[in-house]
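Notes follow the structure.
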Amino acid sequence: MAAAGRARGGGRGGARGGAAGGAGGAGGARARGRGARGAAGARGAAGAPAGDWVGASLAGLGAGGPGADGGGALPGGVREGAGARARELGPPRRRAEAWKFTDAGHLTARPLAPRPPPAPALAGAATAQAGARGLAQDGPGCQVVVLDGRVVGVEGVGEAGVRVECLGAGDGGLDVSGLGAASGSRGGVFAQLNSAGAPDAAVVDVPAGVAAAGPLHILYLSSPADGEAGTATSCPRCLIRLGDGARLEVVEEFAALGGTDEGSYFVNAVTEIELGVGAELRLTYVGDDAPRATHIKGTYVNQAEDSNFSLLEARVGGSLSRHELDIDQQGPATQTRMRHLLLAGDGQLHDLHSHLELAHVEGEADQLHKCIATHPSSRGVFDGSVNVGQQAQQTDAGQLTKNLLLSKGATVNAKPNLKIIADDVACTHGCTVAALDAEQIFYMKQRGISEEAANSTLVQAFSNEILMEIPFPALEKRVSGAVSQSLAGFVNAVTI
């Protein structure tokens with residue numbers, strides 16, 4: 001089944017799909033304007049009364065940190081504002097639109113508690129693993145290693161023209177301008193809890209006019225948290241600032257320490273990005289957590305005039321992962337490109353909530369989201385909103401979500417939202433939710449290709465449209481291997 005819409009001027013459209021297919025049409029969108037915007041969690045739960053879980057989590061995450069008052073590493077004003085906002089938002093609830101299809105009950109059953117500082121042996125194991133997972137052919141290259149929310153290693157950044165400083169190191173002279181601003185105003189409750197309790201933060205700066213040599217690889221590793229008090233939570237934090245005309249490639253990769261599939265943990269990460277005039281950032285985000293892990297990430301991007309932001313996202317691991325992506329084009333002639341691949345296997349749920357704000361002339365945006373659900377218990381969620389304001393004339397924006405169901409009972413809930421107030425724009429969006437094409441399989445079988453090989457070929461072709469864009473061979477090999485491993489055993493699935 002498929003649904004697609006095209007709007008010029010003040011049109012609206014929407015699409016929504018489930019296990020049985022997609023449905024859409026004019027008037028189906030629930031687009032939100034700037035007044036109601038923010039991260040998905042913030043829009044969905046605003047006004048909810050605070051619960052004991054929020055207060056207890058704030059108390060737990062903020063205790064025993066490196067701050068001057070014993071709290072988290074972020075400045076006191078940021079932490080106080082985040083705490084107040086978290087109480088205002090309240091815990092995530094299924095009756096809130098933003099959490100309608102994602103159950104976070106296992107996170108709210110107990111208060112969130114901080115991870116202890118990693119022992120030296122664990123920190124050593126993390127840096128060794130990072131060396132083996134580097135992007136460069138001859139070593140780790142330009143790399144930052146984060147273990148359980150704390151920076152434990154920085155390698156080769158000076159040679160690349162990148163400056164990286166760590167808030168947890170207690171450097172009172174560190175420039176923290178912009179830290180917590182975007183997430184504080186647009187983030188949901190988990191982003192606020194990160195701000196209140198993050199024990200460290202990596203601050204990445206590229207000066208104006210500098211094109212960084214080589215990519216910056218930020219490797220976030222997590223150790224098993226079984227047996228720790230409460231819901232043991234790591235809060236990795238990163239701020240990336242590019243001066244006017246600066247250029248940088250960044251890889252954010254999340255994985256388990258030692259590559260083990262044992263144990264469970266909760267990662268609650270936030271990345272804020274500030275792009276100067278004419279700056280360019282290419283971000284690759286990979287989630288390959290342990291099977292029992294829970295992973296929630298907020299990414300908040302501010303783009304100045306003529307800047308270019310490109311995101312390539314691939315998520316395979318974890319039992320539940322959710323990405324709250326919020327991008328604000330704050331000047332004319334701004335370009336945004338997004339590519340997402342989510343692969344949900346047995347018992348997995350992968351959720352993407354994205355919001356893009358276009359408020360200036362000649363903005364460009366292009367988003368392609370793909371989700372593969374392989375098992376009757378697999379679930380995918382996509383809620384993508386694009387808001388084209390009245391001043392955003394001559395905007396060119398496209399949004400497409402394509403979802404593949406490989407098993408009866410697999411479910412994808414897809415809801416592209418488009419709101420257009422400007423009258424001189426070219427905007428498109430569309431949605432498909434379907435099984436493998438029986439005619440294509442029949443065609444391949446007639447040419448001597450087995451049904452298993454036909455299934456595998458079609459699924460690989462579907463995913464490779466995204467995977468082939470990963471610009472680093474070592475990373476592409478890791479991600480493709482994880483995708484192939486997850487798909488093994490499902491290529492023989494009966495088509496719906």
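The values are calculated or read from the model by the stated rules, or taken from the named source; none is laboratory data. Owing to the predicted nature of the structure, the values given are computational and were not obtained by experimental measurement. Cβ: placed from backbone, ideal geometry, glycine included. Neighbour counts: every protein chain shown. Remember, those area values only see protein heavy atoms, side chains included, never the ligands or the DNA or RNA. Shrake-Rupley method; radii C 1.70, N 1.55, O 1.52, S 1.80 Å.
When the range 227-246 is filtered for residues that are among the charged types (D, E, K, R) and closer than 16 Å to Gly197 by Cα, only Arg237 remains.
Among the residues of the range 329-364, how many are among the small types (Gly, Ala, Ser) and open to solvent by 10 Å² or more (accessible area, probe 1.4 Å)? Full working, then the answer.
Going residue by residue through the range 329-364, those that are among the small types (Gly, Ala, Ser) are 331, 333, 344-345, 347, 354, 359, 363.
Next cut, open to solvent by 10 Å² or more (accessible area, probe 1.4 Å) only: 333, 347, 359.
Qualifying residue count, the range 329-364: 3.
The residues listed here are Lys419, Lys477, Lys415, Lys402; of these, the one that is over 19 Å from the mean Cα position of the chain (by Cα) and either closer than 26 Å to Asp328 by Cβ or touching a residue at least 24 places away in the same chain (Cβ under 8 Å) (or both) is Lys419.
Taking the range 438-478 as the range and being surrounded by 13 or more Cβ atoms within 10 Å (Cβ to Cβ) and either among the charged types (D, E, K, R) or in a strand (DSSP E or B) (or both) as the test, the residues that pass are Lys445, Glu451, Glu465, Glu469, Glu476, Arg478. Selection within the range 98-133: residues that are closer than 17 Å to Ser223 by Cα, in a helix (DSSP H, G or I) and touching a residue at least 40 places away in the same chain (Cβ under 8 Å). The member of this set that is most open to solvent (accessible area, probe 1.4 Å) is Leu122.
Taken over the range 403-437, residues that are within 20 Å of His355 (Cβ to Cβ) and not in a loop (DSSP other than H, G, I, E, B) amount to 15. Restricting attention to the range 333-369, the residues that are more than 30 Å from Gln485 (Cα to Cα) and not in a strand (DSSP E or B) add up to 7.
The set of residues in the range 370-381 that are assigned to a strand (DSSP E or B) and free of Cβ contacts under 8 Å to residues at least 40 places away in the same chain comprises Ala373, Gly380.
Residues of the range 315-324 being within 9 Å of the chain's Cα centre (by Cα), of a type outside the set (D, E, K, R) and surrounded by 24 or more Cβ atoms within 10 Å (Cβ to Cβ), which ones? Matches in the range 315-324: Ser321 only. Cβ separations smaller than 9 Å between residues 6+ apart or across chains give the following pairs from the range 440-455 residues that are free of Cβ contacts under 8 Å to residues at least 24 places away in the same chain to residues that are surrounded by 15 or more Cβ atoms within 10 Å (Cβ to Cβ) and of a type in the set (Asp, Glu): Met444/Glu451; Lys445/Glu451. Checked against the criterion of being within 17 Å of the chain's Cα centre (by Cα), open to solvent by less than 20 Å² (accessible area, probe 1.4 Å), more than 24 Å from Glu476 (Cβ to Cβ) and not basic (Lys, Arg), the candidates Val381, Val425, Val388 yield just one match: Val381.
With a requirement of 1 or more residues that are charged (D, E, K, R), the strands (runs of 3 or more DSSP E) lying completely within the range 172-248 that satisfy it span 202-206, 237-242. Taking the range 136-156 as the range and being open to solvent by 20 Å² or more (accessible area, probe 1.4 Å) and either touching a strand residue (DSSP E or B) at 6+ places or on another chain (Cβ under 7 Å) or modelled with pLDDT of 95 or more (or both) as the test, the residues that pass are Pro140, Gly141, Arg150, Val151, Val152, Val154, Glu155, Gly156.
Among all positions in the range 171-194, there is no residue which is of a type in the set (A, V, I, L, M), surrounded by fewer than 24 Cβ atoms within 10 Å (Cβ to Cβ), under 25 Å from Gln129 (Cα atoms) and touching a residue at least 40 places away in the same chain (Cβ under 8 Å).
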